[in-house]
Amino acid sequence: MTMDLTIGPVAFFWTAERMRDFYRDLATSPARRVVIGEWVCSKRLPFWQHEIPGAVETLLAAGTEVALSTLALITLKRERRQTAELFAAGIPVEIADLGALKHLPEGAPFQVGPMVNVYNEGTLYWLARKGATRICLPPELPLDSVRVLAQAGREAGVAVEVWGHGRAPLAISGRCYHARLHDRAKDSCQFVCGEDPDGREVQTLDGKSFLTVNGVQTMGHAHTTVARQIRDLGEAGVSAIRISPQHGDFAAIIDIYDRALRGISPPGATLTALGAAMPGAAFADGFLAGAPGLRPAR
Amino acid sequence: MTQTPALPRLLGPLALLPLATPALGLALTRLLRRIARQKPAILARLGDARSARFLIDVTDGPVILLIEPEPRRITASRRDRPEPVHDAAIRGRMAAFLAMLHGREDGDALFFSGELAITGDTGAVLALRNALDDAELDLTEELAALSRPPLDRWLRHASALVARRSGFVLSREEPQP
Amino acid sequence: MMELVCPAGTPAALRAAVDAGAHTVYCGFADETNARNFPGLNFSREEMAAGVDYAVARGARVLVAINTYPRAGAQVVWHRAVADAHAAGAHAVILADPGLIAHAAETHPDLRLHLSVQAAAANPDAINLYADSFGIRRVVLPRVLTVEEITAINREIDIETEVFVFGGLCVMAEGRCSLSSWATGLSPNMNGVCSPAGHVAYAETEGANEARLGGWLIHRTPKGGPAPYPTLCKGCFSAPATDTAPAQTGHIFEDPVSLDATELIPRLHKAGVTALKIEGRQRSRAYVAQVVRSFRAAVEAADRGEPMPAGLLAKLTEGQAATTGAYAKTWR
């Protein structure tokens, strides 16, 4: 079985125009499925949610599977209401917070995003009984766990996905670090995260790139990539790898992974191609190896 | 914390005698072996850190101690000699060490405030601290147990006297009700 | 009176907590099944059984935290921990993983289940999902909520709530943080450790104390000053200037402070909170005794409608500064 590509929800605060262009371009990409929705901060949603119906329509018309993502940290009443509304849209929902399941219509299938803690077979089977059809595993899982979970997924009829490319989501908080960097509180953030379409870099005191702040979310600075582990993932029985949207020539990145999955690129060429497509970027692949996640991919 | 130098001054002349340092090491080794016999849980709690070599640098004390839990050995060496090879070091004043050992002060609080400084294998230091904390040691009682009557009684009296004069915690703290 | 839930990393700390007036003590087995899997800490099976006996004989209860996420293919280790806690006479087990909770509910129907803060159930929907699916009896609320939000949650759920009032402060949603494994390969969810000591190195360079985690510089403080533990989210970092913002250097995520919500106890009581939790299974028996004694006095004062004592515990907090954390909305 060949793996295919899932495009995750946009983690950053992009303008409505950028979102519109991004999803229009995706419709012609080789990605098999797209997850769309505000994943990080509900305060951003009013600025671009009117773009979602059009994007969904375009993607579906192009034959791409679509799912709607919930928020990763649901606390406010408004956020809970919005979650309930997602399930009423008639399109599969990808839950990013387990609490979203409370709004799941009886017997409706759903997907599970990488911010939901699926670490073992027990949890996978429980989600499968609830109606999960697809699970993207947490980025920190090592390959040994991925193997067991992909096997369990096959037995339970759940497609198992792995975080394939992009700044890994490492943490989510009630506090907005982007606003804090501007000496503001979350409630008076003035949407400063919109100024950094790929997040804001955080370095150690000795000047080493380390993390990325994206509103209430903290990500790695190096881009996590499975470029060197694609064969292992295929052998493990993983059904898809997830590419996380980013600034720049995203079509080129999708193309690189598409070629790798179809076996067109020789082993080793994928990482080189990524380096050429993203000049100056750092790549990491430690998580799957059970090493520090930021271990450079070489 | 009170920083009174009474005990170091008491111990100071010891280090000047050429034979005193090895003798101190032997005495402390005897003490360590007794504690290890009485409280085997300490070594169990140490886990992998059992094979670590801990340098205890009591900065206002006369000598530097090297504790090796696995061979159950304590070696004392003079401050003017090169430091023995070690995996982890804890440095600080006598009062801080004794307060931590006897449960008067929290190890983390002493580390965070800089009263005790750690270098080397931090995991091993943590294991040692946790193992000693659980053991509820009482140095005065341990020393007394090594002495024959009436020496043990005199020792307890002397310890209480030094503790009162110096402010050092020389016995286990009992929680006040 | 509000229930005081106190930490114990060793049998000595458990006895100290009970003697100091803890209503309940929580602890874990000495392995990867609990979220304080630190060197030299925690309980063997025998120590756990003896600890439960000691507590019960003095009218106190013991909760066993089995709150990491079982490793795929090795779930039996966690299943055994639940069975052993049950056999030891634990009042309840504190669990985070849905798969493990499902197993516990099925295999030990008479065992009381608490939902760990590591499950990150931050809204009534998530809490009710666990309560309805597994019969969870109490939820430990994440430290991302305000008092108002806690009040609102309690109006919509039927199970007890427990909140943190003192000790270390996670600024990220707990159980959903991989910062530690990003830098060290070891995480709270998988290994029960955050910024593990084995990856910490302190050094003196050019008149400064440096603390590194996995080789990454997390703190640099003047020599002789306080040397905070290099917990990643409380580190000192810099954000280089961008086209629209100047450079910033400092504690970008959280200052090295710790939580002290003593003053909020009456409001938490009014918010419907059942139990107050003290963090710190990694702290000494001296610390546990002092904190428990002080909080026992505080909950008794709250019960009599008296004002809360203030500032008693300053010396015991990390970096000597305290915050009421997310309980006040301005923290965000």
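Every number in this text was worked out from the coordinates using simple rules, so none of it is lab data. In this text, all values refer to a predicted model and were calculated from it rather than measured experimentally. In this analysis, Cβ positions are derived from the backbone assuming ideal geometry, glycine residues included, and neighbour counts consider all displayed protein chains.
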Can you list which of the GluC sites (Glu not before Pro) found in segment A:105-196 are DSSP loop residues with at most 12 other C-beta atoms within 10 Å? A:GLU106
Net dipole in debye of segment C:179-250 [+1 Lys, Arg Cβ; -1 Asp, Glu Cβ; about Cα centre; nearest 20]: 160 debye
Which FRET efficiency, nearest 0.05, do B:ALA44 and A:ILE91 yield, Cβ-Cβ r, R0 60 Å? 0.60
Where in segment C:178-264 are there GluC sites (Glu not before Pro) that are in a DSSP coil and have at most 15 other Cβ atoms within 10 angstrom of their Cβ? C:GLU206
Once you place label points 7 Å from the Cα toward the Cβ at A:ARG129 and A:ALA252, how far apart are they in nm? 4.9 nm
Segments A:248-255, C:223-230 sorted - mean Cβ within 10 Å per residue, highest first: C:223-230, A:248-255
If R0 = 22 Å, then C:GLU263 and C:MET1, at their Cβ-Cβ distance, give a FRET efficiency to the nearest 0.05 of 0.80
From the residues A:LEU73, A:ILE95, A:PRO9, which one has its Cα farthest along the dipole of segment A:1-99 in the positive direction, the dipole being from +1 and -1 charges on Cβ of Lys/Arg and Asp/Glu about the Cα centre? A:LEU73
With a 26 Å threshold on alpha-carbon distance, the violating pairs from A:LYS77/C:LYS234; A:LYS77/C:LYS270; A:LYS208/C:LYS234 are A:LYS77/C:LYS234
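Quick check for me: using +1 on Lys/Arg Cβ and -1 on Asp/Glu Cβ, what's the dipole size of the protein assembly as shown about its Cα centre, in debye to the nearest 20?
Its charge dipole is roughly 1760 debye.
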Quick one: of A:LYS130/A:LYS186; A:LYS102/A:LYS186; B:LYS39/C:LYS223, which pairs are farther than 32 Å apart, Cα to Cα? A:LYS130/A:LYS186; B:LYS39/C:LYS223
What number comes out for the charge environment of A:CYS136, summing +1 per Lys or Arg and -1 per Asp or Glu over other residues with Cβ under 9 Å away? 0
Shielding score for B:43-49, defined as the mean number of other chain Cβ atoms within 10 Å: 3
Taking only the alpha-carbon positions of the protein assembly as shown and ignoring solvent, what does the Debye formula give for the base-10 log of I(q)/I(0) at q = 0.07 Å⁻¹? -0.54
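State the extension gain, in nm to one decimal, for the chain segment bounded by C:GLU204 and C:ALA328, taking 0.36 nm per residue of separation less the distance between their alpha-carbons.
Contour length minus the Cα-Cα distance gives 40.9 nm.
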Which value, in debye to the nearest 20, gives the size of the charge dipole of chain C about its Cα centre, when Lys and Arg are +1 and Asp and Glu are -1 at the Cβ? 500 debye
Among B:THR29, B:GLY92, B:LEU55, the residue whose Cα sits farthest towards the positive end of the charge dipole of segment B:6-135 (+1 at Cβ of Lys and Arg, -1 at Cβ of Asp and Glu, taken about the Cα centre) is B:THR29
Enter the per residue convex hull volume of chain B, computed from alpha-carbon coordinates, in Å³ rounded to the nearest integer. 127 Å³
Note: A:THR2 to A:GLU195 extended length (0.36 nm per residue) minus current alpha-carbon separation gives 65.6 nm
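Starting from the Kirkwood Rh over alpha-carbon pairs, what translational D in µm² s⁻¹ does segment B:42-141 have by Stokes-Einstein at 10 °C and 1.306 mPa s?
116 µm²/s
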Hey, fewest Cβ within 10 Å first, where do B:THR75, A:THR75, B:THR59 land in order? B:THR59, B:THR75, A:THR75
If you count, for every residue in A:73-85, the Cβ atoms of partner chains within 10 Å of its Cβ, what is the mean? 3
A:LYS208 and B:LEU146 label points (each 7 Å along its Cα→Cβ direction) are spaced in nm at 4.4 nm
How do the peptides C:151-157, C:182-188, C:271-277 rank, highest first, by the average count of neighbouring beta carbon atoms within 10 Å per residue? C:182-188, C:271-277, C:151-157
Just the number, please: Stokes-Einstein D of segment C:35-107 in µm²/s, Kirkwood Rh from C-alpha pairs, 20 °C, 1.002 mPa s. 166 µm²/s
Label C:GLU46 and A:ASP144 with points 7 Å out from Cα along Cα→Cβ: what is the distance between them in nm? 2.9 nm
Fewest-first sequence of C:ASP255, A:ASP285 by Cβ atoms within 10 Å of each Cβ: C:ASP255, A:ASP285
Would you work out which of A:VAL192, A:LEU288, B:SER159 lies farthest towards the positive end of the dipole of the protein assembly as shown, given +1 charges on the beta-carbon of Lys and Arg and -1 on that of Asp and Glu, about the Cα centre? B:SER159
For A:ALA291 and B:GLU70, what does the FRET efficiency come to when R0 = 25 Å and r is the distance between their Cβ atoms, rounded to the nearest 0.05? 0.25
What does the structure give for B:124-130 when I average, per residue, the other chain Cβ atoms found within 10 Å of the residue Cβ? 6
